[in-house]
Structures are given as structure tokens and as C-alpha cells.
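The next block holds one structure in the form of C-alpha cells; read it before the comments.
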Amino acid sequence: MMRAISQDCLTFQTPRLVVKPMTLEEQQCIHYHASSATNASIPLGEHYLIQDTVEYITDMLKNDKQVYLWGIYLQPNNTLIGSIHLSNVSQIHRHAQISFLLAEDYWGQGFSTEAVACVIDFVFDKLGLNKLLAKCFIEHYPTHRVLQKLNMNIEGILKRHFYLNGIFHDVTLYAKFNESSF
């Protein structure tokens, strides 16, 4: 039996993708994408072992009261090519944070932009939030491009914000506002 990580996530469909809740059984795919040399430079850190990925998912679910985790599936074969994580959802302050991961073989084809746009619509239209935040390492240009294409604006630089592989990294903080909530 496939158990969904995020029980209340919606499924979104575009002409090329299905964005739907991931299952715990798909942790091997999450591990594969997160353990690539290039993706290991993102804030979730390196996943050397499958246990690293299991611990990441378990901690995420335990520490965040309202967390959403979607898989990005390429049609027509339903191939899992990435994930989107919505966390720190605050109905009181009406904001949340988004992060995403895409297998390197699929970079540069607009898949991240397409998938994340679906979740942005969900955040503003269904959850009724006012602000969506995203963080990325200053040196990770592909993520900057995706966030800029989604009309997210730089709010600032978080100095020495993430500690990864023995080094502190500066992070760019992006935000997008729900224009209909003004």
C-alpha cells in the first residue's frame, strides 16, 4: 500500500507534468536526486545514504505541523523527476516557504518553473496566504533563474545562513506577494 507523505495535498496537472503528493515508498527516488553532486549543494545538504533521506523526510514531517511534499512527475510515463516542499506555513502570519529539487538531467527545460507555478497558485488561491518565501545559495544560478521567472523578488541576503560541508553559505531570500490579498 502506498502511503502519502502529505495527506491533504492537491494534485496539479500541466501539459507536460503531474505534480502530486509523494509516497514514502518513493524515498529512493528522492535520495537519488538529492545525492547527485550538483544537487548536494542545495540547503537540504548531501544525502550520502538512503538513511539520510529517510531522516530528512521524517524530521520534516515531525518538526513542521503543516508541511506539503509533492513529486514532480513527467508525463506520459509518470517518471518522478523532482520534488517541491512547502513548509513553515503560517495561517496567522499568512506566509510559507517553498523549496524544490529537480534531477539534473531535466534542468533547463522549464520543468521547475512549470511545477512551482502550480504550487504558487495553490498557496495564494487555496491557502489564502499573502507571502511566499524561497531561499537559495547565492552561487546556485539555476535556482535564481527559476525564482525570477516566477516573478519572485529579492528581499535580501542572509549572511552565513547555511552550514554545509564545513562552510557557511550566504543565501538569497526571495519573496512573492499575493496581489489579490491587498
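Tabulated data for the structure shown
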| quantity | calculated |
| --- | --- |
| Heavy-atom SASA rank of LYS135, LYS159 (probe 1.4 Å, accessible area, largest first) | LYS159, LYS135 |
| Rounded to the nearest 20 debye, dipole of region 88-177 from Cβ charges on Lys, Arg, Asp, Glu | 360 debye |
| Space enclosed by the convex hull of the alpha-carbon atoms of region 110-162, per residue, Å³ | 89 Å³ |
| Rg ratio (alpha-carbon, reference 2.2 N^0.38 Å) - region 67-182 | 1.08 |
| Taking region 56-182 and dividing mean pair separation by its residue count, relative contact order in percent (alpha carbons under 8 Å, at least six apart) | 18 percent |
| Listed residue pairs exceeding 19 Å between alpha carbons, taken from LYS149/LYS176; LYS20/LYS149; LYS126/LYS176; LYS135/LYS159 | LYS20/LYS149 |
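The values are calculated or read from the model by the stated rules, or taken from the named source; none is laboratory data. Computed from a prediction, not measured in an experiment: that's the story for all the values here. Here Cβ is always computed from backbone atoms with ideal geometry, including for glycine, and neighbour counts include all displayed protein chains. Protein only, heavy atoms only, side chains kept; ligands, DNA and RNA dropped before computing areas. Shrake-Rupley method; radii C 1.70, N 1.55, O 1.52, S 1.80 Å.
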